[in-house]
Amino acid sequence: MKKKVSPRKSPQQSRSKERYQKILDTAFDLLSEFGYDALTTDLIAERSGISVGSIYQFFPNKEAIVYTHAETCYLNLHDHFFGLIREEMKTRKKFDSKLIDVTLNAFARTLEEVKGYHLVESILYTHPELLLLDQKSNERFANSLAKILFLPLFPNLSKERATHVALITVETVDSIFKSIYREPGRSKQKEKKIVDELKLFLLAYFEKLSKN
């Protein structure tokens, strides 16, 4: 049976908002400490000091709590990354290889600075709705990347093709970074080699786009 992952209600009063956020924060602290399978609403209630009944007023189950936190995390990823990119684009009028460095550095910085991302990524396969959320996040990234970066820098691209190019770029970069972070005990040297290869791939792709 498919479990519901949306909250029962959104808090309106300031006190309710504080309890709502405390439930989410406590759940992710416990998730980091004990893992997904061991996480329960009873454990969240015990650690947060909020009764199970009060938790159920907002969330039907632990899946909904995790999903809500993950959804916020993905939105924060988007806003953080494009805040950095918009600053870069204020002074950039054309594509060059430096832009790839800047963009990948901004993405890596975003993954490190947005709280909870690595934890969300580690539990993606616990629920199909989380995988769908990850997919929607990539589509959101691609739409913004097409609008903010590809269309201004590659005026020969149609809006449709710019969106396709952006999605290919996002899916590729996301897959590579996921593979890096999933490797236990990865070395910085190996990580750099992988990212350097990714840069060469993107450079060849974008240079071809600029000539078409």
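Data for the structure
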quantity	calculated
Residue that is farthest from Arg182 (Cα to Cα) [pool: residues in region 125-140 that are in contact (Cβ under 8 Å) with a residue 24 or more places away in the chain and of a type in the set (Ser, Thr, Tyr)]	Ser137
Positions within region 99-126 being under 11 Å from the mean Cα position of the chain (by Cα), surrounded by 15 or more Cβ atoms within 10 Å (Cβ to Cβ) and not in a helix (DSSP H, G or I), in sequence order	Val114, Gly116
Residue tally, condition within 21 Å of Glu121 (Cβ to Cβ) and in contact with a helix residue (DSSP H, G or I) (Cβ under 8 Å, 6 or more places away or on another chain), over region 184-203	5
The lone exception for Ser16 - which of (1) part of a helix (DSSP H, G or I); (2) under 30 Å from Asp196 (Cα atoms); (3) of a type outside the set (Lys, Arg) it fails	(2)
Residue selected from region 184-212 under the condition acidic (Asp, Glu) and surrounded by 12 or more Cβ atoms within 10 Å (Cβ to Cβ), by the criterion farthest from Leu99 (Cα to Cα)	Glu191
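The rows are residues; the columns are (1) more than 20 Å from Leu124 (Cβ to Cβ); (2) assigned by TED's automatic domain parsing to the domain that holds Lys115; (3) at pLDDT 90 or above; (4) assigned to a helix (DSSP H, G or I).
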site: Val5; (1), (2), (3), (4): no, no, no, no
site: Glu33; (1), (2), (3), (4): no, no, yes, yes
site: Ala38; (1), (2), (3), (4): no, no, yes, no
site: Asp42; (1), (2), (3), (4): yes, no, yes, yes
site: Leu75; (1), (2), (3), (4): no, yes, yes, yes
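The values are calculated or read from the model by the stated rules, or taken from the named source; none is laboratory data. Computed from a predicted model, the values in this text were never measured in an experiment. Using ideal geometry, Cβ is built from the backbone for each residue, glycine included, and neighbour counts are taken over all protein chains shown.
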